[in-house]
Each structure stands twice: as structure tokens, then as C-alpha cells.
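Structure, as C-alpha cells:
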Amino acid sequence: MTVYFHEEDLPAGVLADGPVAIDTETMGLITPRDRLCVVQISDGKGDEHLIRFAPGSDYAAPNLRAIIADPNRLKLFHFGRFDIAALQHYMGVLATPVYCTKIASRLTRTYTDRHGLKELVRELLGFDISKQQQSSDWGGPVLSDAQRDYAASDVRYLHQLKTELDVRLAREGRTALAQACFDFLPHRALLDLAGWPEADIFAHA
Ligand code: MN
């Protein structure tokens, strides 16, 4: 298990075929204001790749962009709505097709309102991950060892979580409903960026 660090793009050919887990770290939660600093990506085989973008980056990243846009490669997220919007806004690429472990958790773990990544990894996989660096400064030229560990751990377990959550979705008869949500998720992110971030457009009032 190795965490690789790159500047401005993923090297070509470092990922195996198949689904990839993706997460992002930004300067904050307001996407147009708070720039994209780091993209983490893993093919689920045990290594994680961190790609740092400098202030003023053009986010060209052709290798990373090609993977995000690849219609034959499923992208796994936890709360993908945020990451998909950030990738669309800064890189101009819409991630699709996608899978979101938070949505799958909401559709299956109806006995709890705790759908954070830490809680999911603990309950479904039995591992303890730290969220201590979640609110740290991702904008600097150097990431601390603690930041690298944290950033990598956010993509490390998504393939395993998908395996577990798919079993539960099937058990509860919600596989098709989940797929419909995943299909809509990139459009939900586009609605966020287009000016409907909080509105429920399906609501009556
Ligand atoms: Mn993260």
C-alpha cells in the first residue's frame, strides 16, 4: 500500500482497469469561491494517488480528465455531489457514470442517520479512519504526512464499501432506485452550480 503524490496531473498508465474511487480537497465548501486543491484517486488495488493543483492552475490534467470523463469507467464517491461539482467547475469535466456510497448508505442503513464515511467504514468494514485533517489547509505547497494519510484514506475504502452496500441494496430491493439516483447525481451537481444549491426542485413549495 503506497500513497503517491503528483503535481498537476496523474501520470499515464498508473491505474488498473475498472472502477476508480475519487475524492477532492478544496479550500472550503463554497465551490466557486473555494478552489480545488487536491484530487485523490485509487483503482482499489491498494495504492492511492494524490494530485495537487497549485494556486492559479489551469487544471488541464489530461490524464486525470480522461479517466473522469471515461464513459466505461465507474467513478466511486462518498457524497459525490460535492466532488462532481468541484471537478466540473474547476476542470470542466463532468464525472459519469458515478456511484455514491453516501446515497447507497441512505437507501439501506435506514436504521441510522449517521452516513459519514468514518461511520460507514467502521460499521461495514471494521476499520477506524481519522477525520482530524478534514478541515485543514489544503492550499499550501506541501501537504503534511497527516494530510496525505487522511486524503488517501478518503478513497481507500470506497471499492470495499460498494461491495458491501450493493449486497444491502439487493437485499432491500433498492438496486434500481439507487441506480436512478446515481444516474441523476451529475445533474444534481450541475443544478448546484447553476444556482439551485439548496432548493428541492421536486418540492411542492
Ligand atoms: Mn476528503
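Might you check whether a residue that is among the aliphatic types (A, V, I, L, M), open to solvent by 30 Å² or more (accessible area, probe 1.4 Å) and either part of a loop (DSSP other than H, G, I, E, B) or in contact with a Pro (Cβ under 6 Å, 6 or more places away or on another chain) (or both) occurs anywhere in the stretch 128-147?
Looking only at the stretch 128-147, we keep the residues that are among the aliphatic types (A, V, I, L, M), and these are 129, 142-143, 146.
Still in the list and also open to solvent by 30 Å² or more (accessible area, probe 1.4 Å): 142, 146.
Of the ones still in play, those that are also either part of a loop (DSSP other than H, G, I, E, B) or in contact with a Pro (Cβ under 6 Å, 6 or more places away or on another chain) (or both) are 142.
Looking through the stretch 128-147, at least one residue is among the aliphatic types (A, V, I, L, M), open to solvent by 30 Å² or more (accessible area, probe 1.4 Å) and either part of a loop (DSSP other than H, G, I, E, B) or in contact with a Pro (Cβ under 6 Å, 6 or more places away or on another chain) (or both).
So which strands (runs of 3 or more DSSP E) stay within the stretch 1-111 end to end and still have 3 or more residues that are more than 16 Å from the ligand (Cβ to nearest atom)? Give the steps one after another, and end with the answer.
Numbers: elements: 3-7, 20-26, 36-42, 48-52, 75-77, 98-100.
By residue number, 3-7.
Is at least one residue of the stretch 84-91 surrounded by fewer than 17 Cβ atoms within 10 Å (Cβ to Cβ) and under 25 Å from Arg174 (Cβ atoms)?
Of the residues in the stretch 84-91, the ones surrounded by fewer than 17 Cβ atoms within 10 Å (Cβ to Cβ) are none.
Taking every residue of the stretch 84-91 in turn, none turns out to be surrounded by fewer than 17 Cβ atoms within 10 Å (Cβ to Cβ) and under 25 Å from Arg174 (Cβ atoms).
Would you confirm, using the coordinates I've provided, whether Leu120 is aliphatic (A, V, I, L, M) and either surrounded by 20 or more Cβ atoms within 10 Å (Cβ to Cβ) or closer than 18 Å to Ile68 by Cβ (or both)? Break it down stepwise before answering.
Working: aliphatic (A, V, I, L, M): yes; either surrounded by 20 or more Cβ atoms within 10 Å (Cβ to Cβ) or closer than 18 Å to Ile68 by Cβ (or both): yes.
So Leu120 passes the test.
Could you give every pair whose Cβ atoms fall below 6 Å, whose first residue belongs to the stretch 132-144 and is within 12 Å of the ligand (Cβ to nearest atom), and whose second residue is of a type in the set (Ser, Thr, Tyr) and assigned to a loop (DSSP other than H, G, I, E, B), counting only separations of at least 6 or pairs across chains?
none
Would you check which residues across the stretch 145-188 are within 16 Å of the ligand (Cβ to nearest atom) and either touching a helix residue (DSSP H, G or I) at 6+ places or on another chain (Cβ under 7 Å) or aromatic (Phe, Trp, Tyr) (or both) and list them?
Tyr150, Asp154, Tyr157, Leu158, Leu161
Residue by residue, here is whether (1) assigned to a loop (DSSP other than H, G, I, E, B); (2) closer than 21 Å to Leu117 by Cα; (3) not hydroxyl-bearing (Ser, Thr, Tyr) holds:
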site	(1), (2), (3)
His159	no, yes, yes
Lys162	no, yes, yes
Leu165	no, yes, yes
Arg168	no, yes, yes
Ala176	no, no, yes
Cys181	no, yes, yes
Arg188	no, yes, yes
Leu193	no, no, yes
Glu198	yes, no, yes
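Return yes or no: is Leu10 surrounded by 14 or more Cβ atoms within 10 Å (Cβ to Cβ) and of a type outside the set (Val, Ile, Thr)?
Details: surrounded by 14 or more Cβ atoms within 10 Å (Cβ to Cβ): yes; of a type outside the set (Val, Ile, Thr): yes.
Taking the combined requirement at face value, the residue satisfies it.
Please list, ordered by first then second residue, the pairs with beta carbon atoms under 6 Å, 6 or more apart or interchain, first in the stretch 5-28 and without any contact (Cβ under 8 Å) to a residue 40 or more places away in the chain, second in a loop (DSSP other than H, G, I, E, B) and surrounded by fewer than 20 Cβ atoms within 10 Å (Cβ to Cβ).
Going by the 6 Å Cβ cut-off, the qualifying pairs are Ala16/Lys45; Gly28/Asp34.
How many of the residues making up the stretch 161-179 are without any contact (Cβ under 8 Å) to a residue 40 or more places away in the chain and within 18 Å of the chain's Cα centre (by Cα)?
Residues meeting the conditions: 2.
Hey, any hits in the stretch 41-49 for a residue that's buried (at least 18 other Cβ atoms within 10 Å of the Cβ), of a type in the set (D, E, K, R) and either at pLDDT below 95 or touching a Gly at 6+ places or on another chain (Cβ under 7 Å) (or both)?
Of the stretch 41-49, the ones buried (at least 18 other Cβ atoms within 10 Å of the Cβ) are 41-44, 48-49.
Checking the rest, the ones that are also of a type in the set (D, E, K, R) come to 43, 48.
Now narrow it down to the ones that are either at pLDDT below 95 or touching a Gly at 6+ places or on another chain (Cβ under 7 Å) (or both): 43.
The answer is yes, given that some residue of the stretch 41-49 is buried (at least 18 other Cβ atoms within 10 Å of the Cβ), of a type in the set (D, E, K, R) and either at pLDDT below 95 or touching a Gly at 6+ places or on another chain (Cβ under 7 Å) (or both).
State whether the residues of the stretch 51-73 include one that is within 15 Å of the chain's Cα centre (by Cα), of a type in the set (Ser, Thr, Tyr) and at pLDDT 95 or above. So that I can check it myself, show each step before the final result.
The initial filter retains those residues of the stretch 51-73 that are within 15 Å of the chain's Cα centre (by Cα), namely 51, 64-65, 67-69, 73.
If we keep only those that are of a type in the set (Ser, Thr, Tyr) as well, we get none.
Within the stretch 51-73, not a single residue is within 15 Å of the chain's Cα centre (by Cα), of a type in the set (Ser, Thr, Tyr) and at pLDDT 95 or above.
The values are calculated or read from the model by the stated rules, or taken from the named source; none is laboratory data. Just so it is clear, the model here is predicted, and its values are computed rather than measured. Note: ideal-geometry Cβ built from the backbone for every residue, glycine included; neighbour counts use all protein chains shown. The protein model used for the area step is the full one, side chains on, heavy atoms only, and it has no ligands, DNA or RNA in it. Shrake-Rupley method; radii C 1.70, N 1.55, O 1.52, S 1.80 Å.
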